[in-house]
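In what follows, a structure is listed as structure tokens, so that the remarks can point back to it.
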Amino acid sequence: MSTLTVPIPDEDLEFLRALAERIGTSPEAFIAKQTRLMRERYERPLHPDVIKATGVIKGDVDARKEYLDHMERKHA
């Protein structure tokens, strides 16, 4: 196993420590597990339905604006 030193802001470290304590683990174990889960997820191929939907929405769409406009029309 390797060791990695990562500088993070104090407030993020305090958050990480509190979260790890709340779920009953150490900050190091929490980060190691999350890293493993991310690796497993990114190594798994996308579902064919997701691949088919790729590109359906243009890349220049402001999704937040579209959503807010939709909600305004819906609840007007």
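Criterion first (of a type outside the set (Ser, Thr, Tyr) and part of a helix (DSSP H, G or I)) does Asp60 satisfy it? Give the steps one after another, and end with the answer.
Working: of a type outside the set (Ser, Thr, Tyr): yes; part of a helix (DSSP H, G or I): no.
In short, no.
Residues checked against (1) touching a Phe, Trp or Tyr at 6+ places or on another chain (Cβ under 6 Å); (2) in contact (Cβ under 8 Å) with a residue 24 or more places away in the chain; (3) in a loop (DSSP other than H, G, I, E, B); (4) surrounded by 10 or more Cβ atoms within 10 Å (Cβ to Cβ):
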site	(1), (2), (3), (4)
Ile31	no, no, no, yes
Gln34	no, no, no, yes
Val56	no, no, yes, no
Arg73	no, no, no, no
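How many residues, within segment 4-29, are surrounded by 10 or more Cβ atoms within 10 Å (Cβ to Cβ) and of a type in the set (S, T, N, Q)?
Looking only at that region, the number is 2.
FYI, it's all coordinate maths here, none of it is from the lab. Remember, predicted model here, so these are calculated numbers, not experimental data. Here Cβ is always computed from backbone atoms with ideal geometry, including for glycine, and neighbour counts include all displayed protein chains.
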